[in-house]
Every structure is written in C-alpha cells, then in structure tokens.
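Report on the structure given below.
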Amino acid sequence: MTAGFEQLRQAAEEQWDRLTASDTPVITVGTATCGRSAGALDTLDVLRGELAGRDLEVRFVEVGCLGPCYAEPLVTVSLPGAATVCFASVDLKGARKIAAYVAGGELPEDLALATTGPDSIPGIPDLMDTPVMKGQVRRVLRNCGVVDPGDIGHSLARGAYSGLQRAIELEGDARIAELERSGLRGRGGAGFPVSRKWNFCIDAPGDTRYVICNADEGDPGAFMNRSLLEGDPHAVLEGMIIAGLTIGAAEGFIYCRAEYPLALERLAVAIEQAEQAGFLGPDALGPGRPFRIKVKEGAGAFVCGEETALIASLEGRRGMPRPRPPFPAVSGLWGCPTVINNVETLASVALIFQHGADWYAEYGTARSKGTKTFALVGNVKRPGLVEVPLGTTLREMIFDIGGGISSGHQFKAVQTGGPSGGCLPEDKLDIPVDYESLQEAGTIMGSGGIVVMDERTCMVDFARYFLDFAADESCGECGPCRLGTRQLLRILEDITQGKGSASDMELLEGLSHNVMRGSLCGLGQTAPNPVLTTLRYFRDEYVAHIESRTCPALACRDFIAFEIDEEMCNGCTACAVLCPVDGITGDRDHLHEINAAVCIKCGVCSDTCSFGAVETVSARP
Amino acid sequence: MATNNLGPVLSAFERRPESLISLLQAVQESLGYLPPDALGTVARHARVPRSRVYGVASFYSQFRFNPVGRQRVAVCRGTACHVGGARFILEQLERTLGIPEGQTTEDMEYSLETVACIGCCGLAPCISVNDEVSAKLTPKKVRKQFKQARK
C-alpha cells in the first residue's frame with residue numbers, strides 16, 4: 001500500500017500542478033448548497049454559454065463552499081500569467097462580465113473580492129487579508145472551496161490519506177498517544193476527549209467493533225458539517241478509516257440527515273473513488289485487513305443526533321435513546337463496542353495524523369486545543385462558515401470576522417449551541433470561546449452554531465421558538481422531557497400572547513431545573529437552556545411582557561399594532577391592494593388608514609411599503 | 001407505480017429488520033407517500049410485524065401517509081431563518097397557495113410544509129421546492145414567485 005500510495009500521490013500532485021499552473025484559463029465555481037441557493041448553477045451556465053462560442057479552451061472546476069455565504073455565488077478565475085482573482089456575488093450580469101474578462105477583456109474590479117494565489121493586483125487584497133478571513137485559521141476547512149470534491153486526485157494532492165499512511169506505520173499505542181497529545185475533544189457538542197473514547201472502545205471485550213460518523217447535523221442554524229461533507233468528503237472518510245484502524249473495526253457507517261441531498265451525493269462519489277484507490281475495501285488497513293463504509297440516510301428526527309438514538313435508528317428502529325452506561329464505546333451498534341464521532345471530529349483526526357499532534361495543538365487554549373468551525377449567522381453583515389482557534393472571543397467573531405450587526409441596528413444577543421445552548425448579552429462578548437468558558441456563562445459550545453440577534457428579536461419569543469422545537473422533537477420516551485418541554489412552551493406562549501402572570505418566571509425556572517435533572521438524554525437535559533439564559537440575562541423583557549404588557553422588541557404580535565405615518569404615505573395604494581383582510585382604506589394619492597379591528601398583523605403592508613410609511617407601534621393586548 | 005409492483009424497489013435491500021428505514025425511504029421515493037398496503041408489503045419483506053413498520057414510519061418526520069403535491073414547498077424554520085422572519089414567509093405562502101401548513105392544494109400541484117433546518121443559514125430566510133433551495137427571501141419575493149405559478 002505505501003509504495004502504491006506514493007505513486008497515487010505523485011500522480012495527483014502532477015495533476016494538481018497542471019491545474020494550478022495551467023496554460024489555459026481555469027474557472028472555479030462554488031456549487032455547494034449555499035452557492036446553489038444563491039444561483040451558482042445559473043452563474044455557471046452563463047459562464048459556460050458565454051465562453052462556448054469562442055475559440056478558447058477553458059477549464060471549469062466545481063468546488064465546495066469557501067465560507068463567506070454573504071458573497072455567494074463565488075467564482076475564482078485563474079488566467080495564465082495573471083493573478084488568481086476571486087469574485088463575489090456573481091449574478092448573471094456579473095457572469096457575463098467575468099466571461100468577457102476571461103476572453104481577454106478588462107478585469108471587473110467591482111466584483112473582485114480578493115486574490116488567492118501568490119501573485120497580487122494593486123487595490124485588491126489577498127484573500128487571507130480580507131476582514132472576513134483575517135482572524136481565521138483554515139485547517140479543517142482548508143480544502144473547502146478549493147478542491148473538486150468529486151475528484152479524489154485534488155484531495156490527494158493536498159495531503160488526503162497521508163495521515164492514514166502515517167497511522168498505519170505507527171504502533172497501536174502510539175496512535176492513541178498521538179491523539180491524546182493533540183488534546184482533540186469531540187466537536188459534536190459535549191467535548192469529550194477523543195483519545196479516551198477510543199481507548200474505552202479498545203478496552204471493551206468483543207470481536208466485532210464499529211465506527212460511526214454522526215452526520216445528523218440537526219441543530220437549526222448550523223451547517224458546518226454539511227459544508228465539510230460537500231466540500232471535502234475525503235477528510236471525513238480518512239478520519240473514519242484511522243478510527244477503524246485504531247480500534248480494530250472493519251466496518252463504518254455514516255449516518256447523514258436526509259435534508260442534505262448534495263452531501264449524500266458527494267459522499268457516495270467519494271466512497272466509490274476511495275474504494276477504487278484502495279483506501280477502502282479488502283486491504284484498506286493493510287494486507288487482508290478490510291475496512292468498508294456505508295452511508296445511512298436519516299429520516300428526520302433531531303433526537304437521532306444523540307448517540308444511542310442514532311444507533312437505534314441505524315438498527316432500523318424508532319430513534320429513541322436509552323440510558324447510559326453502558327456507553328456505545330462498550331455496547332453500541334448491535335451490542336458491539338462502537339466509536340461514534342461527529343463529522344468535524346473525524347476530519348480533525350485526519351489532520352492530526354497528517355501534520356502531527358504538536359502542529360494541531362499549536363492553536364487553542366490549555367484545555368481546548370485546535371481550531372473549530374462555526375456557522376456565524378443571523379443579523380450580522382457577513383454571515384458564513386468560519387474557522388478560528390479555540391479561545392477566540394465572540395466579539396472577534398461577530399465584529400471582526402462577521403463585520404458587526406446589519407446596518408442601522410444594534411447588537412442584542414448571541415446564541416451558541418443550538419437548542420441545547422443559551423443566549424448571551426453584550427457584556428459576555430469578551431469571553432473566549434472554549435468548552436469551559438461557555439459552560440460557565442450558561443451556554444455550550446455545541447456543534448458550532450452562532451446566531452446573532454439585533455434589537456428586533458424578542459428574547460421571550462426566541463426562548464419560545466426553541467421550546468417549540470424541543471417539544472416537537474422530544475421523542476416521548478421519558479416524561480420530564482415529553483411533558484416538561486410542552487409545559488415550558490405553554491407558559492412561554494402565554495407570556496408572548498399577553499397572558500403571562502407574575503408567578504410565571506419562578507415557575508419557568510423551577511420547571512426548567514426539573515426537566516434538566518429528570519430527562520433521559522441530552523435533548524431534555526439541555527432543552528431548558530434557552531429559557532434559563534434568557535431569564536438570567538434578559539429578565540427585563542420577561543417583566544415587560546408580564547407586568548407592563550409590552551414587547552420591547554416590537555416582535556410579539558399581541559403587543560403591537562401597525563400605523564401609517566401621515567407624512568410618509570403618498571397614497572400609492574400598494575398596501576391596500578395587498579392587505580389580505582381588506583383592512584386598509586384610502587383614496588389614491590391620499591393618506592391611507594389601517595383598520596385595527598380587522599388587522600391580523602401579518603406585516604404585509606409594512607413589507608410592501610416602499611416609502612417606510614408603515615410603522616410598528618406598541619399596543620396593549 | 002402501484003403498491004403491488006414494489007418488488008424491484010424492495011429487492012435492492014436485505015430482508016432484515018435493520019433495512020426497515022431504507023425500505024420505507026425507497027417506497028416513499030417511488031410512490032410519493034406510504035399507502036397502508038405498502039406498509040404491509042414492507043413488513044413482509046423486512047420480516048417484522050406491521051405494527052413495527054407503522055411505529056417506525058410514524059416516528060420520523062420524513063415519512064408521509066398521504067399523497068403530496070407535485071411541488072413540495074418546504075419553509076425552513078431553522079434559527080437563522082426564524083430570526084430573519086421565516087413566519088412571515090410561511091404566512092405569505094399560506095395565503096398565496098391558499099392552503100395551511102401541512103396541506104396540499106386540491107389540484108395536487110403544491111404541498112406546503114416546514115422543515116427543521118435546510119442548512120443554508122448564511123442566506124436566511126430560505127425555502128426549498130422539491131429540494132431546490134431559494135434563499136434571502138422576503139414575503140414579497142415568495143408572493144411573486146408563486147403568484148405567477150398559481151395563474
């Protein structure tokens with residue numbers, strides 16, 4: 001295998017060099033899900049169409065997501081003898097401009113985000129010097145948006161599977177020692193040391209062992225794993241194979257949510273290519289030592305992100321958790337010792353074996369080593385997928401990388417850790433993002449979702465939103481979660497509808513603690529976190545809803561009304577035409593009025609008005 | 001495809017209980033939903049009681065027991081979409097398509113559903129129509145997109 005690997009790698013490197021130093025133009029387009037939703041496939045079609053008629057050989061490469069979602073679709077152009085330029089927000093018009101540039105025209109500087117190669121262009125920054133990339137350290141994401149995920153050669157040329165070669169050469173104990181030295185902790189949420197989990201599995205009695213990759217990224221507001229699977233699937237496969245080698249497994253499963261069709265497609269291609277290259281198959285771990293990977297599609301249940309529920313689902317049952325211990329490392333899939341790790345954890349394992357534990361641990365804090373990917377979304381100027389050293393502060397992430405709050409608004413809160421996490425206010429923005437610091441503040445790292453909110457989000461309604469999700473996704477197995485989340489939701493609904501009472505806050509706190517203590521799995525044990533943190537940091541909003549019957553954010557419908565401003569309204573009739581309940585009257589060119597008695601507060605008038613004449617005002621229910 | 005022609009769809013999977021979810025996914029893929037008699041066929045193939053098939057099928061949100069429209073419109077209710085005003089998108093779609101969430105238009109053209117998170121959070125709010133995602137939406141944009149389609 002090793003001599004064979006060297007040959008494969010060399011061939012791949014030559015192929016990669018031919019691409020990067022090509023004497024024909026190379027155009028790469030980010031066609032992961034986020035790029036596609038912004039129109040990347042249409043952009044690609046226009047580029048192909050515009051350049052097809054010319055006597056010009058052009059190579060097109062489809063890559064994954066580079067990270068800055070706000071700038072999608074992203075197109076990178078490399079012309080022979082010129083600097084490589086990355087263009088942002090390339091719509092159809094932009095695509096025509098870029099095609100003209102490729103055909104010998106002028107560089108459309110207005111579309112240029114950055115240069116990405118060694119050569120530079122005056123006035124255009126290098127990608128890593130742009131504000132969005134400057135604070136980032138791209139390790140796990142190094143290949144995303146750079147390589148064609150459908151071509152194993154690209155990944156090989158950039159180091160893929162060299163970690164596996166090194167792991168094969170190491171003795172069994174040295175592999176675990178390497179992992180331990182790296183300090184890698186699980187990236188799925190709980191942060192358990194990976195070396196210990198693997199060691200438990202090695203020590204557990206049994207002849208058959210399994211590796212499972214948890215790709216059931218269920219946290220709403222998070223897409224780190226989707227991007228990684230779509231942009232660099234081989235990193236995940238390599239991590240799984242190393243896990244198989246280390247614990248002595250011959251089979252691995254990827255449990256991927258069905259809501260990610262493109263990730264599933266790219267995984268299937270990557271597995272086939274890895275099989276052809278011999279990284280998977282009968283001699284994957286050495287002569288006569290097989291390792292195979294199968295993909296199982298989830299069927300839409302948030303609780304299946306919990307490891308025992310996931311295993312139940314893999315076995316073809318209802319995805320309901322069971323009490324631990326025994327932990328899956330001792331008794332997992334079909335009762336066999338099983339290592340189950342998240343997508344990013346396994347990709348990090350591959351990195352650690354490629355570059356060494358010391359390299360990996362260069363970044364991070366004393367107890368949280370390495371880098372971590374985050375989905376930075378919500379009311380920030382530059383939402384996207386970012387990777388930073390652990391220990392970076394929330395402020396640096398939101399204001400330096402994310403560019404701060406969308407124009408005209410102020411920061412209010414940031415939510416980390418999805419439905420299991422909590423909301424933090426402005427004065428917590430300087431805490432370093434590591435497992436312990438976040439926990440102390442009442443939230444969790446989780447898988448990496450970071451949702452930023454401005455003053456327009458009501459924190460009581462936000463807690464209600466998460467409890468609605470938790471109550472809906474509670475599997476029903478244990479009472480505290482099944483009944484408790486529902487009861488929390490009802491109280492929060494009452495408060496947001498103007499029916500809250502003075503004792504509600506105390507009731508919420510008491511009930512939250514009981515649900516956390518009594519629930520069987522992580523879902524119920526953490527579901528009250530959004531309630532507790534909003535009560536802790538945004539108590540005044542609860543008080544406002546309950547005592548003065550107002551919603552400070554003007555978000556809860558029962559506390560607001562719409563009014564038309566006399567001076568701004570020019571009587572264009574747009575709102576009256578669209579009002580679904582015919583609740584707006586007024587003659588053309590004259591002031592319009594909203595009939596509060598029939599208004600359903602759908603907000604269509606306010607959304608439609610081009611003159612900003614429809615105001616949202618506070619109104620007691 | 002009729003339920004009694006499911007043979008080729010089922011035969012791709014091993015006749016074991018752990019194939020159950022994959023079997024149901026394949027049947028739904030070919031029929032569009034899970035009619036009652038298909039559950040029996042799946043039960044026999046996977047060698048499990050029919051009650052277990054129903055138990056599994058009713059547990060996961062992906063499975064449907066009623067036919068759906070040719071265009072499945074799914075509104076993302078992920079956190080970023082929620083913060084970006086997803087409920088206004090959903091309400092606008094309910095008005096434009098004339099059906100509440102969870103229903104299908106009489107002509108079987110549109111179904112309206114919500115989905116936990118599409119994972120396109122950087123471009124919220126978004127919806128998907130037959131798995132194709134549209135992003136950075138406003139009620140105005142969806143009204144235009146579907147008003148033309150409804151005519």
What number of residues in region B:46-77 are of a type in the set (Gly, Ala, Ser) and open to solvent by 70 Å² or more (accessible area, probe 1.4 Å)?
2
When B:VAL133 is evaluated against the numbered criteria (1) assigned to a strand (DSSP E or B); (2) more than 7 Å from every other protein chain (Cβ to nearest Cβ), which criterion, by number, is the only one it fails?
(2)
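On the given criteria, is A:GLY123 in contact with a Ser or Thr (Cβ under 6 Å, 6 or more places away or on another chain), at pLDDT below 95 and either small (Gly, Ala, Ser) or open to solvent by less than 20 Å² (accessible area, probe 1.4 Å) (or both)?
no
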Which is within 14 Å of chain B (Cβ to nearest Cβ) and polar (S, T, N, Q), of A:SER22, A:SER37?
A:SER37
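Scan region B:78-93 residue by residue and report those that are facing chain A (nearest Cβ under 10 Å) and either touching a Pro at 6+ places or on another chain (Cβ under 7 Å) or open to solvent by less than 10 Å² (accessible area, probe 1.4 Å) (or both).
At the first step, the residues of region B:78-93 found to be facing chain A (nearest Cβ under 10 Å) are B:78-88, B:91-92.
The answer is B:GLY78, B:THR79, B:ALA80, B:CYS81, B:GLY84, B:GLY85, B:ALA86, B:PHE88, B:GLN92.
Being at positive phi and touching a Pro at 6+ places or on another chain (Cβ under 7 Å), is that true of even one residue in region A:456-474? Before the answer, list the steps.
Of all residues in region A:456-474, those at positive phi come to none.
The answer is no; no qualifying residue exists.
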Could you tell me whether region A:330-348 includes any residue that is outside the structural domain of A:LEU390 (by TED's automatic domain parsing), in contact with an Asp or Glu (Cβ under 7 Å, 6 or more places away or on another chain) and outside any helix (DSSP H, G or I)?
yes
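When you go through A:ALA329, A:ALA301, A:ALA312 one by one, which is the residue that is facing chain B (nearest Cβ under 7 Å) and surrounded by 18 or more Cβ atoms within 10 Å (Cβ to Cβ)? Outline the logic, then answer.
Details: A:ALA329 fails: facing chain B (nearest Cβ under 7 Å); A:ALA312 fails: facing chain B (nearest Cβ under 7 Å).
Of A:ALA329, A:ALA301, A:ALA312, the one residue that is facing chain B (nearest Cβ under 7 Å) and surrounded by 18 or more Cβ atoms within 10 Å (Cβ to Cβ) is A:ALA301.
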Exactly one of A:GLU265, A:GLU272, A:GLU259, A:GLU251 is within 28 Å of the chain's Cα centre (by Cα) and away from chain B (no Cβ under 14 Å), and that one is A:GLU272
Show the residue pairs that are 6+ apart or on different chains and have beta-carbon atoms under 7 Å apart, the first residue being within region B:34-47 and away from every other protein chain (no Cβ under 12 Å), the second being of a type in the set (Gly, Ala, Ser) and open to solvent by less than 10 Å² (accessible area, probe 1.4 Å).
B:LEU39/B:ALA57
Count of residues meeting criterion [open to solvent by less than 30 Å² (accessible area, probe 1.4 Å) and not in a helix (DSSP H, G or I)] in region A:574-608
6
Can you tell me which residue is farthest from A:GLY384 (Cα to Cα) among those in region A:32-70 that are in contact (Cβ under 8 Å) with a residue 60 or more places away in the chain and assigned to a helix (DSSP H, G or I)?
A:ARG36
Can you name the number of the only condition in (1) modelled with pLDDT of 95 or more; (2) open to solvent by 10 Å² or more (accessible area, probe 1.4 Å) that A:ALA3 fails?
(1)
Kindly indicate whether B:GLU106 is within 14 Å of another protein chain (Cβ to nearest Cβ) and surrounded by fewer than 18 Cβ atoms within 10 Å (Cβ to Cβ).
no
I need every pair where a residue in region A:4-26 that is of a type in the set (Val, Ile, Thr) has its Cβ under 7 Å from the Cβ of a residue that is open to solvent by 80 Å² or more (accessible area, probe 1.4 Å), sequence separation at least 6 or different chains.
A:THR24/A:GLU57; A:THR24/A:ARG59; A:VAL26/A:ARG59
Close pairs from region A:306-334: first over 24 Å from B:ARG50 (Cβ atoms), partner among the aromatic types (Phe, Trp, Tyr), Cβ under 6 Å, at least 6 apart:
A:LEU310/A:TYR255; A:ALA329/A:PHE200; A:LEU333/A:TYR210
Any residue at all in region A:113-130 that's touching a Lys or Arg at 6+ places or on another chain (Cβ under 9 Å) and among the small types (Gly, Ala, Ser)?
no
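Kindly establish whether B:SER11 is farther than 30 Å from A:MET453 by Cβ, open to solvent by 10 Å² or more (accessible area, probe 1.4 Å), away from chain A (no Cβ under 12 Å) and touching a helix residue (DSSP H, G or I) at 6+ places or on another chain (Cβ under 6 Å).
Details: farther than 30 Å from A:MET453 by Cβ: yes; open to solvent by 10 Å² or more (accessible area, probe 1.4 Å): yes; away from chain A (no Cβ under 12 Å): yes; touching a helix residue (DSSP H, G or I) at 6+ places or on another chain (Cβ under 6 Å): no.
Criteria not met by B:SER11.
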Among the numbered conditions (1) in contact with a strand residue (DSSP E or B) (Cβ under 6 Å, 6 or more places away or on another chain); (2) open to solvent by 10 Å² or more (accessible area, probe 1.4 Å); (3) modelled with pLDDT of 95 or more, tell me where A:VAL414 comes up short.
(2)
Listed by first then second residue, the pairs whose first member lies in region A:568-595 and is on the phi > 0 side of the Ramachandran plot, whose partner is open to solvent by 100 Å² or more (accessible area, probe 1.4 Å) and outside any strand (DSSP E or B), with beta carbons under 8 Å and at least 6 positions apart or on separate chains, are A:GLY571/A:ASP587; A:GLY571/A:ARG588; A:GLY571/A:ASP589; A:GLY571/A:HIS590; A:THR573/A:ARG588
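The values are calculated or read from the model by the stated rules, or taken from the named source; none is laboratory data. Not measured: the values here are computed from a predicted model. Because the Cβ atoms are built from the backbone with ideal geometry, glycine has one as well, and the counts that use them run over all protein chains shown. Side chains included, ligands, DNA and RNA excluded: accessible areas come from the protein's heavy atoms. Shrake-Rupley method; radii C 1.70, N 1.55, O 1.52, S 1.80 Å.
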